[in-house]
Amino acid sequence: MLNVPSQAFPAAASQQRVSPAGRNKVALKPGRSLMDWIRVTKSGRDLTGLKGRLIEVTEEELRKHNTRDDCWTCIRGMVYNVSPYMEFHPGGEDELMKAAGVDGTDLFDQVHRWVNYESILKECLVGRMAVKGSTVINDAILPFTFHMPSRKSFIKAIKSTPEDELHIIPFTELSHEVQELVSVLTSCAVGKVQVCVHKASSGKWAELGQPLESHDSFLRRKNRVVFYRECVLKSRTEVTHDTSLFCFKLPPATHMQMPVGKHVYLKALVQGSEVVKPYTPVERTLMPELPESKPVEGSSNEVFLMVKVYPNGVFTPHLNSLNIGDSLLMSSPEGSFSLRPLHDITHLYLLAAGTGFTPMARLIKFALQNLGTLRKVRLMFFNRQEKDILWHFDLDRLAAQEERFEVDYVLSEPSDDWPGRRGQIEASLLSDFLTKQEESKCFVCICGPTAFTELALRLVQQMGYLNEEVHAFQG
């Protein structure tokens, strides 16, 4: 993979520089709107120049495609031909050309991290970036025990690379059989992860097992390949008239710790084409669960996804057509959200539209159960009609039981007897909602369609919130 030199992005004079009034856009030619681009992608035109073939792209090959008429770029290991998209890019061609012929992941994340680029550029997909043999950081492969690296060796590894995130790989073939039940306990405060497996039969092990290739190594985030596993649909429960809660069971002996605010990718063959879509997992319920109804401590062999089904969509009709017991592929957790900024906040403000509620569901539960300094969690939830409100009953019940939680519904197409707020997101709605009190520390999270997210970001910035006080989830 490529290393993009660190640089200020967007540059000071850039057309995409984020200002207090929000991200500036350039004037596009007539017929170059997002809807126009969608029409182009559905026209059947070959946007990659490869006649439908997907290829593996080397660094050398990627570098060759660095002009406006022949522009490839790489985002998270996937290579796209963005030449046809040049005239449709809201930030202008010059900004897009900064990623021409190179890995544009870092540049993309600094400006568009909430944008669903997989959907926008799906017809421009050239293929996957070839992973070099040196994917693992050779100068940072340091010996450490299976339990934990020494503090000195770990610090040395972090200093040896400019990356802001590394993945430690313990990769061992156990010397004896174990039971399927796996417990994983994480202590973020001390940076410790404890994995507990149970022996299939009693007896003393002479050794843990044999280390495999890449054991005891560090991996850069941008070089990590998305890993998929086959999951089985266990249940499907109706949430609203067009949204369901899907429960997928992971393969036997698989444990997947699902960090708050992360998403997974679902992949399936739809009408002969491979389609990949991101979804944010939720828990089985928003309410605190009774001890007898909780899953076994530490076990995470089920993943719950709340998905709105679009009758004319590409992926969701296929997902909704699955029978119980059918399978599809699910990735490991992905995403840029971090819990670190939340550790000492007093007020958490959440702005969600439609299924943009999904990352907020686990965030609400986590904040109320784990943030000792928290005084208030406030959710402003935007929908078209009352029937579209996800987990409406659970949200009202949680607000009634937990004094630190408040929810405010806003409908754009309410019925005549709707008693709540009406309209769409605007400054007057947020002025009373996003209040900063004395000696308070606030954090704002935003999720919804791209237009909603960009407008919400702009309004929040106008109210004086700093970049480090706001996180916008990818829509």
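The values are calculated or read from the model by the stated rules, or taken from the named source; none is laboratory data. Predicted, not measured: the structure shown is a model, and the values here were computed from it. Here the Cβ positions follow ideal geometry from the backbone for every residue, glycine too, while neighbour counts run over all protein chains shown.
Observations on the model:
- Among the residues listed as Gly313, Gly335, the single one being surrounded by fewer than 18 Cβ atoms within 10 Å (Cβ to Cβ) and either at pLDDT 90 or above or more than 17 Å from Phe227 (Cα to Cα) (or both): Gly313
- Glu95 at pLDDT below 95 and either part of a loop (DSSP other than H, G, I, E, B) or within 20 Å of Trp37 (Cα to Cα) (or both): yes
- Residue within the stretch 62-79 that is modelled with pLDDT of 95 or more, of a type in the set (Phe, Trp, Tyr) and not assigned by TED's automatic domain parsing to the domain that holds Lys277 present: yes
- Criterion: of a type in the set (A, V, I, L, M), closer than 24 Å to Asp94 by Cα, in contact (Cβ under 8 Å) with a residue 12 or more places away in the chain and assigned by TED's automatic domain parsing to the domain that holds Glu123 - qualifying residue of Leu28, Leu50, Leu54: Leu28
- For the stretch 65-78, residues that are in a strand (DSSP E or B) and farther than 22 Å from Thr450 by Cα total 5.
- When the stretch 448-469 is filtered for residues that are surrounded by fewer than 20 Cβ atoms within 10 Å (Cβ to Cβ) and small (Gly, Ala, Ser), the ones remaining, listed by number, are Ala451, Gly464.
- Residue in the stretch 117-128 that is among the aromatic types (Phe, Trp, Tyr), modelled with pLDDT of 80 or more and over 26 Å from Ser217 (Cα atoms) present: no
- Residues in the stretch 369-400 that are of a type in the set (S, T, N, Q) and either free of Cβ contacts under 8 Å to residues at least 60 places away in the same chain or not assigned by TED's automatic domain parsing to the domain that holds Phe357 (or both): Asn370, Asn383, Gln385.
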